[in-house]
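For reference, the structure is listed below as structure tokens.
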Amino acid sequence: MSQALSLRNLSPRNMGWHVSPVGVLAACVIAFWAVMAMVGPWIAPHPPGQIVDYDFFGPLSAEYPLGTDYLGRDMLSRVLAGARFTVGISLAAVMLACTAGIVLGMAAAVLGGWTDTAISRVLDAVSSIPSKLFGLVVVAAIGSSIPVLIGVLAVVYTPGSYRFARALAVNVNTMDYVTVARARGERTAYLIRAEIMPNILGPVLADMGLRFVFIVLMLSGLSFLGLGVQPPNADWGSLVRENMGGLSFGAPAVIMPSIAIATLTISVNLLIDNLPTRIRDRSE
Amino acid sequence: MTLAQIRDLRVGATTDSGRKVQIIRGVSLDIAPGEIVALIGESGSGKTTIALSLMGHCRPGCHIASGSVMVDGVDMATAPERQRAALRGTTVAYVPQSAAAAFNPATRLIDQVIEVARIHDLMPMDQARAKAVEVFRALALPDPETIGDRYPHQVSGGQLQRLAAAMALIGDPKLVIFDEPTTALDVTTQIEVLRAFKSVMKAGGMAGVYVSHDLAVVAQIADRIVVLKGGEVQEEGTADQILHRATHPYTKSLLAAFHPAPRATAVAPSKTVAALEVQNVTAGYGMGRDGQPRKIALENVSCRLDKGRNLGVIGESGSGKSTLARAIAGLLPPVKGRIMLDGHLMEPSSRARSKEDLRRLQIVFQLADTALNPAQSVGDIIGRPLTFYHGTKGAARQARVAQLLDMVRLPQAMRHRLPGELSGGQKQRVNLARALAADPEVILCDEITSALDTVVAASVIELLKDLQRDLNLSYVFISHDLSTVEAICDEVMVMHHGRVVETLPADRLTQARDPYSKLLFSSVPQLDTGWLDRMPLRAAI
């Protein structure tokens, strides 16, 4: 009887791998933007930097499906090219922030004592600096370039990731299996890698997705303030800023990059909310 | 005339993974007024589910599929929620397993106890308070006039459990459901609580449903016992019938598990080097400025374990028995004293110990659920000590894992499973196999059978005995359960408040001289319906 039951349970749905349609849709949108970030510049109908239309803030048309911008450049091409900056920079920054945060968080939880206090207080200090202000000062001081942007975003979002990972790791650290490993004489690196990390991975990945959204928004904010990606290149935030003047004309040029930002960030949020339970909650 | 009548009850449930199962399969049960019926069975047998159905309540994910639950003329299975709510507390009341979790820590006890009267508007509040004091007195609570003014953290666990009963009794229910109310209590406390429950129920003429997994406890309080397994009634009869003339094989196995075969000691105490010797160990938690722990959990503890023999450590919660295991394993380095393994002095902290010392002494924890990494397969869990201590890799490691699984009587296919896919008993066997993988000489067993069902626990004890015979192991067996300690140990050390009270040979426990150990041994319920009534009343130590 139990044999029959256990066999019947092995379908993906019963193993907690059930996926919802909303999650699938969100994943498709994210995949679309990820592909565009890679191949966007090559499939763009016009060179993104070239003035192709005599009219500025042109309407939607067959030739320029998303209209033209304040100089008469093709918006579709510019949004596709901007995907590379927005997605690329955000992805690099979120990777750096979360890797640093998770590694430090687990180390602090396992080592405890002074190490924990030192790391926690330093990162508390970092997180006490207002993030936009920090970005403004650093970019104003050493100028804007892509590596600087990635660095600033990573530094701003490391403390949050650290707090999250540490809180999870502290819970796992008190489990008997970690105590058994300690009593066996295992080294700290093994404890972190084999005993702690696999058991916090699910929630940490979900957190990483959310942090990616925050970074996209902050990057767009910095670009909007003119501190992000510099002309003639433009990420979505810069595109909004450039075309601000078209707002009063109801030009599509200012709406389209905003829609791009919204679709990406909302999709990431929806994907995380609809992740299969197996990934989201590994306690089962 | 019956007070409650369950007919062909079926309860369905949806598991977390979306699978539908039937957890109660056609149970019928009668409860007469003033009668106490015990539901007994292992975890998952459906005993709590049946008891809750008497209140028309199902836990989240469960639903009553069919059947009727008539309580005092109302079918709780089909009655509207409003009517059920009106009956809860006044006709049917509930005493939870963990009173500590059932009380709101921010409100005075009296206000929580009379809440039932307030919700149902049964009587003026002053009258309810006066009545609560009466109930406190009937339950033999100390200072009945003033105990209600305290907060939940200001009373002991046994008192809190009695207060939870007072909360249930304030509305003069006709039927009280006790859901394992003494499982979390120490034996010396359990006896007082049982006595209080019994006298109050008798005096009030109330009917009761007593849910438990412990036959000996149930024997003291129940008129009738219903044995459940897998959501079905296995056997039903008066307490005497079940205890002395059980007919169903499952009931017999439950009874047999209560009397584990005593250990046939082969090895005489030797005068040579002890396998493990603890000398005057003091340990505690929270380091103070002066290098002394702020809270002393172990004080000047000494014990000796000879090769091939077993030492039982017994005591109530807070007696320091688990701390002793942690101190020996070096997880909580002692501030004073020496720990010798096979005549060789070990460092106090596990970090400072050599790999060889660590290998020879292994520890097995109580909760197999938390002692196995949920993200590692059984094969990896057992294989890690092999690689760590012996450097075994590849095919040799595979072969040794297979051997170890065989030793703990688990099938080979288990190696690919994750701990979440094993039963409690299987997990505890994997837990043991991991300790055995190190080829240890001494294994510290910290309450390893406490979380297991009686029958499963008995089989784990048998396994430990067999392994000892084959591998020449010595166990330090920590438990609060005297009968398991008697079953496996040669010597029993009684601990109280972090000190050793007495050490006795396991076959001469009745000759205890210390008053505390006498009290502890005599408080263990016997499989005998008259035991509680014969126990002399006495003040707690």
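Condition (residue is crowded, with 21+ Cβ neighbours inside 10 Å, touching a Leu at 6+ places or on another chain (Cβ under 9 Å) and away from chain B (no Cβ under 14 Å)) applied to segment A:187-198: is it met by at least one residue? Within segment A:187-198, none of the residues are crowded, with 21+ Cβ neighbours inside 10 Å, touching a Leu at 6+ places or on another chain (Cβ under 9 Å) and away from chain B (no Cβ under 14 Å). Being of a type in the set (D, E, K, R) and under 26 Å from B:Lys307 (Cβ atoms) holds for only one residue in B:Arg384, B:Arg359, B:Arg351, and it is B:Arg359.
Identify the residue in segment B:1-21 that is in contact with a strand residue (DSSP E or B) (Cβ under 6 Å, 6 or more places away or on another chain) and modelled with pLDDT under 85 and, among all such residues, is surrounded by the fewest Cβ atoms within 10 Å (Cβ to Cβ). Walk me through it before giving the result.
Applying the first criterion (in contact with a strand residue (DSSP E or B) (Cβ under 6 Å, 6 or more places away or on another chain)) to segment B:1-21 yields B:2-14, B:20-21.
Restricting the remaining residues to those that are modelled with pLDDT under 85 gives B:2, B:13-14, B:20-21.
Numbers: B:Thr2: 15, B:Ala13: 18, B:Thr14: 13, B:Lys20: 9, B:Val21: 12.
The residue in question is B:Lys20.
No other residue among B:Gly330, B:Gly337, B:Gly308, B:Gly312 is touching a Ser or Thr at 6+ places or on another chain (Cβ under 8 Å) and within 14 Å of chain A (Cβ to nearest Cβ) apart from B:Gly330.
Could you grab me the full set of residues in segment B:24-39 that are closer than 30 Å to B:Phe258 by Cα and out of contact with any Ser or Thr (no Cβ under 6 Å at 6 or more places or on another chain)?
Going through segment B:24-39, the residues closer than 30 Å to B:Phe258 by Cα turn out to be B:24-32, B:34-39.
If the condition is that a residue be closer than 30 Å to B:Phe258 by Cα and out of contact with any Ser or Thr (no Cβ under 6 Å at 6 or more places or on another chain), then B:Arg25, B:Gly26, B:Val27, B:Ser28, B:Leu29, B:Ile31, B:Gly34, B:Glu35, B:Ile36, B:Val37, B:Ala38, B:Leu39 are the ones that fit.
Search segment B:72-102 for residues being at pLDDT 90 or above and not β-branched (Val, Ile, Thr), and hand back the single one that is surrounded by the fewest Cβ atoms within 10 Å (Cβ to Cβ). So, considering only residues that are at pLDDT 90 or above and not β-branched (Val, Ile, Thr), the one surrounded by the fewest Cβ atoms within 10 Å (Cβ to Cβ) is B:Tyr94. Among the residues of segment A:116-134, none qualifies, meaning not one is within 14 Å of another protein chain (Cβ to nearest Cβ), within 24 Å of the chain's Cα centre (by Cα) and buried (at least 17 other Cβ atoms within 10 Å of the Cβ). When segment B:515-528 is filtered for residues that are surrounded by fewer than 17 Cβ atoms within 10 Å (Cβ to Cβ) and within 24 Å of B:Asp306 (Cα to Cα), nothing remains.
Within segment B:302-334, the residues that satisfy the criterion of being within 25 Å of the chain's Cα centre (by Cα), of a type in the set (S, T, N, Q) and either assigned to a strand (DSSP E or B) or over 14 Å from B:Val278 (Cα atoms) (or both) are B:Asn310, B:Ser317, B:Ser319, B:Ser322. Of the residues screened, B:Leu463 is not one that is within 14 Å of another protein chain (Cβ to nearest Cβ), free of Cβ contacts under 8 Å to residues at least 60 places away in the same chain and among the aliphatic types (A, V, I, L, M). Those residues that are at pLDDT below 85 and aromatic (Phe, Trp, Tyr), I need them from segment A:66-96; list them, please. A:Tyr70, the sole residue that qualifies.
Going by the conditions given, is A:Pro203 more than 30 Å from A:Gly40 (Cβ to Cβ) and away from chain B (no Cβ under 14 Å)? In short, no. Figure legend. Inter-residue proximity from segment A:198-225: first residues free of Cβ contacts under 8 Å to residues at least 24 places away in the same chain and closer than 18 Å to A:Pro257 by Cα, second residues not in a helix (DSSP H, G or I) and not small (Gly, Ala, Ser), beta-carbon distance below 8 Å, spacing 6+ or different chains. Indicated pairs: A:Ser223/A:Val229; A:Ser223/A:Asp235.
The single condition from (1) touching a helix residue (DSSP H, G or I) at 6+ places or on another chain (Cβ under 9 Å); (2) at positive phi that B:Gly230 fails is (1).
Within segment A:39-61, residues that are on the phi > 0 side of the Ramachandran plot reach partners that are among the polar types (S, T, N, Q) with beta carbons closer than 7 Å, at six or more positions or on different chains, in the pairs A:Phe57/A:Thr68.
Just to confirm my filter: which strands (runs of 3 or more DSSP E) fall fully inside segment B:1-77 and include at least 1 residues that are in contact (Cβ under 8 Å) with a residue 24 or more places away in the chain and over 19 Å from B:Glu180 (Cα atoms)? Step through it out loud before you land on a result.
Working: elements: B:4-14, B:20-31, B:36-40, B:62-71.
Ranges flagged: B:4-14, B:20-31, B:62-71.
For residues that are away from chain A (no Cβ under 14 Å) and of a type in the set (S, T, N, Q), scanning just segment B:372-412, find the one that is surrounded by the fewest Cβ atoms within 10 Å (Cβ to Cβ). In this case the residue turns out to be B:Gln412. Per the conditions (1) of a type outside the set (Gly, Ala, Ser); (2) loosely packed, with under 15 Cβ neighbours inside 10 Å; (3) away from chain B (no Cβ under 14 Å); (4) touching a Leu at 6+ places or on another chain (Cβ under 9 Å), the sole criterion not satisfied by A:Pro159 is (2).
The values are calculated or read from the model by the stated rules, or taken from the named source; none is laboratory data. Note that the structure is a prediction, hence the values are computed from the model and not measured. Cβ atoms come from the backbone with ideal geometry, glycine included; neighbour counts cover every protein chain shown.
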